[in-house]
Amino acid sequence: MCGILFELSHAGTHPPNSVSDDLVRNVGRRGPDSFKTVEIAVGSFCLKFVASVLSLRGTAVVPQPLHSSSNGAGPLQEAPEYVLCWNGEAWRFDGQEFAADENDTQFIFDKLSSCEGRVQDVLQRIEGPFAFVFYDGPRKRVWFGRDWLGRRSLLLRKAVATGSDISICSIADTQDISQWSEVEADGFYFIDLEKLETGPTTNTGFNKIAFIAQNDYDVINIRDSCMRLPISDLCREIPNPDLQALTPESPSVGRLYGLLYDSLRLRVQNIPRHSVPSVQGHHGNLRPSKVGILFSGGLDCTMLARIAHDILPPDEPIELLNVAFENRRVLEAAVAEAKKKMKSKKGVQNALVEEAPLPNDGIVDVASSTSHRDIYNICPDRQTGLKSWRELQSVCPNRDWRFKEINVPYEEVTKHKQKVIPLLHPHDTEMDLSIGLAFYFASQPLEVDSPRTLLSGLGADELFGGYARHGTAFNRAGYVSLIDELELDLTRLGKRNLGRDDRIISSWGREARFPFLDERLLRDVVSWPVSDKCDFGATQRGEAWDALDYEKKVLRLLAWKLGMRGVAGEKKRAIQFGARTAKMEASKGGKVKGTQKITPEG
């Protein structure tokens, strides 16, 4: 994981149009292991590359930006041939996995430097998340973009005064946040400096940014200006009317285990020890964890924990990060309910006597107990998390499962809210804020030796039909409607979730990894008929597992097969409701909808 920042400006305007010092500092927060700047002159332009590094690959920290000569660092000077800012994890290249001691950044830089301008040919051979800025000196081009799914954040700012001032960054500058837009994950872009040098600068300059589009997976003869997507369209096969329900022995259940195992193996097995801060005395039972899981106790995250157990050595601890919030709305409702009960009791005891003022002690007891430990323990995700933690301990007793209770007082939410809102940008709804707050505090390091690698179950609902509206779609118009809904969810995943979540979690110098979004897993699962994923409309057999929900049935059956039968029956719950970040202040402004825009005050 890295923070990357690129600025293009005319020599005569540099540095007046530069981004703020706050943005540079925030880029540095994403990568605490290295921070470096490269500035070069190309014709009448100044190019500034900034990168911070969170080192999670190879045997040592590889500082960025990488460049092809030692003359490119420091003050403004003659350009090196190539410069790369890379924020990514390339798990495979041309189908081959990287060795445990190999650094993907250096490898990708070498490939880009020798591709003779065919940058898209290199990038489309990568399996894994990334965002990048690459300067191709011989062709005077600056390339930038995100992976095909948008698993890493990248934003662009165009100065309105001139057509050539451009900034590209992992996050937005709070000084002029409205000017930043998200780079679409629909291909790769490049700026031709020679054309920009000779072209007009009176317009917004977007006609000077060229584009290499994505093409369909099934296209055989790909044009030079296109690149191939790594997965095909969703299978639209309609199941037979007499379809039998899935069982723990169904082929798709075993297939899913193998796919998740391989995906998790890449993401947890070779995390270098140098990426975990060394703390004196922390060894044996106190040894730090390399891996943490954003853990609500739900089906998706618990299955990642269960399968990670099959991969990691027995003495490797795994942290389960469970967040719960003090929600004042819930507290006020508890106090109101206490008042109601006390009034009712008073009326029964003395219905003929005029009611005296209520004593405060009972209400105070409810408020005080609920506002401290109980307010966190009654959070749905805390209750589910504790239950799933105990089941993991029972099924996998030799693992050190470290359940971390992250309790967030209301005052902490108000204190940090104005830091979270800029990280959401360009997302700006109440739902984004609720989700962002949950991820922000869940990923906040609790101790000096907290793991830097965090696993997320994002993608399971979109792949296997885990939302309530998937059932609604099936009830409305059968399998055709259900497939349409699944396809919509998968295609908009990067636009709705991934860039936002990357900006939030990485602000703490930690990296989220998404095993359900591995290219090979996706490529396989989208080819399955919907009947291999969920059980809508299937004929049940009367077995115990038939009582499991239809949603994500294949994943539920896998949990059942691996001994996690309590987890197999867990209901889907959105993080903002499970952690209780939703509608924290509803009493101040009435009902709040998730689609409502965040107010200027947050």
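Values as computed for the structure displayed
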read-out: Restraint check, 387/533; 417/571; 195/419; 339/419; 419/572, Cα-Cα greater than 31 Å; value: 195/419; 339/419
read-out: Inverse mean reciprocal Cα-Cα distance (Kirkwood Rh) of region 506-548, Å; value: 13.7 Å
read-out: Relative exposure of 59, 453, judged by other C-beta atoms within 10 Å (fewest first); value: 59, 453
read-out: Calculated FRET value between residue 415 and residue 21, using beta carbons and R₀ = 22 Å, to 0.05; value: 0.50
read-out: GluC sites (Glu not before Pro) restricted to region 97-183 and DSSP loop, no more than 16 other C-beta within 10 Å; value: 102, 116
read-out: Region 364-491 - Kirkwood radius from inverse mean 1/r over Cα pairs (Å); value: 18.2 Å
read-out: Sequence of 416, 309, 67 once ranked by neighbouring C-beta atoms within 10 Å, starting from the fewest; value: 416, 309, 67
read-out: Whole-number D in µm²/s for region 408-469 (Stokes-Einstein; Kirkwood sum over Cα pairs; 37 °C, 0.692 mPa s); value: 239 µm²/s
read-out: Fewest-first sequence of 115, 46, 379 by Cβ atoms within 10 Å of each Cβ; value: 115, 46, 379
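Each value in this text was obtained by applying a stated rule to the coordinates, not by laboratory testing. Treat the numbers as computed from the prediction; the structure is a model and nothing was measured. Backbone-built Cβ (ideal geometry, glycine too); neighbour counts: all protein chains shown.
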